[in-house]
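Nothing in this text is a laboratory measurement; each read-out follows from the coordinates by a stated rule. Everything numeric here is computed off the predicted structure, so don't read it as measured data. Virtual Cβ from ideal backbone geometry, glycine too; neighbours counted across all protein chains shown.
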Amino acid sequence: MISFVLRRLASAVPTLFIVVTISFFLMRFAPGGPFNLERPLPPQTMANLMATYHLDQPLWSQYVSYIGNAVTGDFGPSYVYKDNTVAELIGKGLPYSMELGFYALLLALFGGVLAGTIAALRQNSALDFLIMSVSTMGVTVPNFVVGPVLTLIFAITLSWLPAGSWGDGSLRFLILPMIALALPQLAVFARLTRGSMIEALHTDHIRTARAYGLPARTVVITHAMRAALLPVVSYLAPAAAALLTGSAVVETIFTIPGVGRYFVLGAINRDYTLVMGTVVLIAIFVIVFNLLVDILYGLLDPRVRHD
Amino acid sequence: MNDKRETILAVRDLKVTFTTPDGDVQAVKGIDLDIKAGETLAVVGESGSGKSQTMMGMMGLLAGNGRVTGSAKYRGQELVGLPLKGLNKVRGAKITMIFQEPMTSLDPLYTIGRQIAEPIVQHRGGTFKQARARVLELLELVGIPDAKRRIDSYPHEMSGGQRQRVMIAMALANDPDILIADEPTTALDVTIQAQILDLLNSLQAKFGMAVVLITHDLGIVKHFASRVAVMRRGEVVETGTTADIFERPQADYTKMLLAAEPHGRKASPAETAPVMLEGRNVSVDYATGGGLFGKKSGVFRAVDNVNIRLKEGQTIGIVGESGSGKSTLGRALLRLVPSSGRYQFGATNISDFGRSAMRPLRKQLQLVFQDPYGSLSPRQTVGEIITEGLYVHEPQLSRAERDKRAIEALKEVRLDPAARNRYPHEFSGGQRQRIAIARAIILKPKVVILDEPTSALDRSVQGQVIDLLRDLQKTHGLSYIFISHDLSVIKAMSDYVVVMKNGKIVEEGDTDAIFEAPRENYTQTLMNAAFTA
């Protein structure tokens, strides 16, 4: 087990390196730069800025120095939020994004698995149809529609909940953004669970369990559910990485000071270092969660246990 | 028969109906059956006869679209229509079942110890910890060696035979009155099959439960059952004692089933017949383990230094249990897997032939597989499937000529030529195997390797396929290598037999010699394990 974890962590290093390298050059090949504003800067100012940030040097030397700094944890200054380093920006925003994302993940996972299980047990009933219709909507309706609609209903019309901002960080403020963030993932979890649950309920060993007089609850929970959760667990890694690193749309709609906005804003402003910082952040989350999920998977399924 | 034993399960007018998009299908059409205390009743029938569905219906285990009506009274208690709560007091305690699929009937995610304990805890109460002693006792009873260690094994760590023993342990856990064994050995090798059936037999003698043995295999019936019920198309056509059924069958269908056991012999080809295909020192190695970060890899020798020589018009039967290397040997002879050794096809030395060098020869070297369902593409019409090889080997043919060849081939395998416009799923297993044979013979091959071509088929259908293969051999002077685990089929098809075990040839010789006077222990074990009806 320990050697498995160490092997996986070791293989994360080249993965991160490749991700960073590709993003670095892709970003630089995109037209424009961080200081190309609507009203062009005077050439002398521009040249000074470029020199200050070493952007006048050859690309490969910029790349080498970026990698060299990144290894020591220095992701450089943001070109657009000039008073902050990238590490500061992410350090400030990440706790908000992670807290909101964590609640959204719990909601998506438990809500999705529950809905999917109920739909599978009542396959082809009206309830199944209802759950699947709602989950189709969850997948297809984008959260820039869901967010404002939620605000309109619960904040403006009913005045039950605040319309936005982090506030004092209490649950009241988090409910609406959490729902908007969780809904698409919840829908995916529900669909995955339903499909794998229906499959699990038709396996031979479920027939064995029923043939041996085990009550329906035991059959479903101890036997079918555990098998049905395997594909759900596989999806957990990308879902967790996506939710915990924030969402530009949801954080903008609900004015949450998280890191989700930085990826989009950084890309639009050609804020090279900020984009690179968020790329590294997301890559680390994906790698770590994939590892966690693989360990969890091994615990659930003895056939793929890592020894 | 004046059997004074008490009837403990009385089935009356039991019907099982499935609702399908094409309307209702009645799988069981109102049958009567009596099961007496302590007896072994065999329910015999071919696939689709409703023998399993009768039991599933009675036990409340039908698929979602199935429903059961009629009556099945267990010691006076009606099972049909009994609410789940009441039914769950009977199943797993008084009436238990073992199934055909030992590989999938156990939950892969729990240890076998825990799975055997589940019905004990459920029906007798107590904790899993308390049940452990009983589980150990059961594992020893069913002959799992080193039970103390194996109790914490997962199903995937056990062989098929061992898993079936685990199922039997589970079935015995609550001292049942009736044990329903649904094709318990169909998925197992013959020697394992014999062990499992002996085990069931001795356990029955020890504990005195009634056994309902559902099977298609008359050999098993003859050796283990005291009474027989023959089912066909959802009806019981005949019941009687085993002796009566085998010696004085009344129903035409029973007579037909008994006659469907493969029979006949094949004469050896002339001494002077030319050698068609020869392999010398054939060995096949598979790498085990490996992978990018995996552990050090090993080598598994699937076929170990085998010599084989197939003459024109000859049929060599290769017999062996799963893992004996018989299929791998067949593929090595066709140069389909990397292998070492010397290979000769007719006058050509094909030892060093790669894929492209072999391609022109493939026309004459054909292969027919076991699985008539998986080996035909569901998205091609039968015509497309059987003419596909012609595109490669005879590209000069016009569309009309190809169609003509397809018609000829289908006629030869005794299928309606109109079949070429239909899709495989519209055909039965036997018909599909005919399609697979047509696909091979349309190329006018010289050598055909038949890899368990009849194993997935019912006995009566098997007989027809064997007859067809024999006729084709005569008309076209084909040479066959016939791979099978089924000794009676081997006996009927081949003039020379090769017995394989662990990649090596254990014994070989003319069919009569091998069957009449096997020399090696292993061959004798195989013969004894195969219950011939």
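What number of residues in the range B:443-477 are of a type outside the set (A, V, I, L, M) and part of a strand (DSSP E or B)?
Final tally of qualifying residues: 1.
Listed residues B:G64, B:G81; which is in a loop (DSSP other than H, G, I, E, B) and either more than 13 Å from chain A (Cβ to nearest Cβ) or on the phi > 0 side of the Ramachandran plot (or both)?
B:G81
Could you go through the range A:276-286 and let me know if any residue there is assigned to a helix (DSSP H, G or I), aromatic (F, W, Y), closer than 28 Å to A:L55 by Cβ and in contact with a Ser or Thr (Cβ under 9 Å, 6 or more places away or on another chain).
For the range A:276-286, residues assigned to a helix (DSSP H, G or I), aromatic (F, W, Y), closer than 28 Å to A:L55 by Cβ and in contact with a Ser or Thr (Cβ under 9 Å, 6 or more places away or on another chain): absent.
Can you tell me how many residues in the range A:75-121 are touching a residue at least 24 places away in the same chain (Cβ under 8 Å) and not in a helix (DSSP H, G or I)?
7
If you check every pair at least six apart or on different chains, which have Cβ atoms under 7 Å apart with a residue in the range B:179-192 that is within 14 Å of B:R163 (Cβ to Cβ) first and a residue that is among the hydroxyl-bearing types (S, T, Y) second?
Hits for this filter: B:D189/B:S322.
When B:Q431 is evaluated against the numbered criteria (1) part of a helix (DSSP H, G or I); (2) under 15 Å from B:I385 (Cα atoms); (3) touching a helix residue (DSSP H, G or I) at 6+ places or on another chain (Cβ under 6 Å), which criterion, by number, is the only one it fails?
If we test B:Q431 against (1) part of a helix (DSSP H, G or I); (2) under 15 Å from B:I385 (Cα atoms); (3) touching a helix residue (DSSP H, G or I) at 6+ places or on another chain (Cβ under 6 Å), just (3) comes out false.
List the strands (runs of 3 or more DSSP E) inside the range B:192-270, counting only whole elements, that have at least 1 residues being among the acidic types (D, E) and surrounded by fewer than 20 Cβ atoms within 10 Å (Cβ to Cβ).
B:235-241
Residues checked against (1) more than 27 Å from B:Q524 (Cβ to Cβ); (2) among the charged types (D, E, K, R):
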residue: B:R91; (1), (2): yes, yes
residue: B:Q100; (1), (2): yes, no
residue: B:Y110; (1), (2): yes, no
residue: B:G126; (1), (2): yes, no
residue: B:R132; (1), (2): yes, yes
residue: B:Y154; (1), (2): yes, no
residue: B:S159; (1), (2): no, no
residue: B:L179; (1), (2): yes, no
residue: B:A194; (1), (2): no, no
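Show the residue pairs that are 6+ apart or on different chains and have beta-carbon atoms under 8 Å apart, the first residue being within the range A:253-272 and at negative phi, the second being among the charged types (D, E, K, R).
A:P257/A:K92; A:P257/A:E251; A:G258/A:E251; A:G260/A:E251; A:R261/A:E251; A:L265/A:D271; A:Y272/A:R28
Can you tell which of B:V498, B:V506 is within 22 Å of B:Q193 (Cα to Cα), hydrophobic (A, V, I, L, M, F, W, C) and either in contact with a Leu (Cβ under 6 Å, 6 or more places away or on another chain) or buried (at least 23 other Cβ atoms within 10 Å of the Cβ) (or both)?
B:V498
How many residues, within the range B:478-533, are within 17 Å of the chain's Cα centre (by Cα) and assigned to a strand (DSSP E or B)?
Residues meeting the conditions: 3.
Working only within the range B:113-149, note down all residues that are away from every other protein chain (no Cβ under 14 Å), touching a residue at least 24 places away in the same chain (Cβ under 8 Å) and part of a helix (DSSP H, G or I).
The answer is B:R134, B:L139, B:L141.
Being more than 30 Å from B:I120 (Cβ to Cβ), within 24 Å of the chain's Cα centre (by Cα) and either in a helix (DSSP H, G or I) or acidic (D, E) (or both), is that true of even one residue in the range A:223-230?
no
Given the condition among the aromatic types (F, W, Y) and under 26 Å from B:R163 (Cβ atoms), answer yes or no: does some residue in the range A:211-232 qualify?
So far as the range A:211-232 goes, yes, one or more of its residues are among the aromatic types (F, W, Y) and under 26 Å from B:R163 (Cβ atoms).
Can you give me the number of residues within the range B:310-343 that are outside any loop (DSSP other than H, G, I, E, B), out of contact with any Pro (no Cβ under 6 Å at 6 or more places or on another chain) and closer than 28 Å to B:V489 by Cα?
Qualifying residue count for the region: 15.
Output the number of residues of the range A:8-58 satisfying the condition of being exposed (fewer than 12 other Cβ atoms within 10 Å of the Cβ) and among the basic types (K, R).
So the answer is 1.
Only one of A:Y297, A:Y262 is among the hydroxyl-bearing types (S, T, Y) and more than 14 Å from chain B (Cβ to nearest Cβ); which?
So the residue among A:Y297, A:Y262 that is among the hydroxyl-bearing types (S, T, Y) and more than 14 Å from chain B (Cβ to nearest Cβ) is A:Y262.
Look through the range B:84-105, keep the residues that are at the interface with chain A (Cβ under 7 Å from one of its Cβ atoms), of a type in the set (A, V, I, L, M, F, W, C) and closer than 22 Å to B:A187 by Cβ, and return whichever of them is surrounded by the fewest Cβ atoms within 10 Å (Cβ to Cβ).
The residue in question is B:F99.
Find the residue count for the range B:24-61, including only residues that are in a strand (DSSP E or B) and not acidic (D, E).
Residues that pass the stated criteria total 15.
Out of the residues in the range A:203-245 that are surrounded by fewer than 19 Cβ atoms within 10 Å (Cβ to Cβ) and among the small types (G, A, S), which is nearest to the other protein chains (Cβ to nearest Cβ)?
Taking the candidates together, the pick is A:A216.
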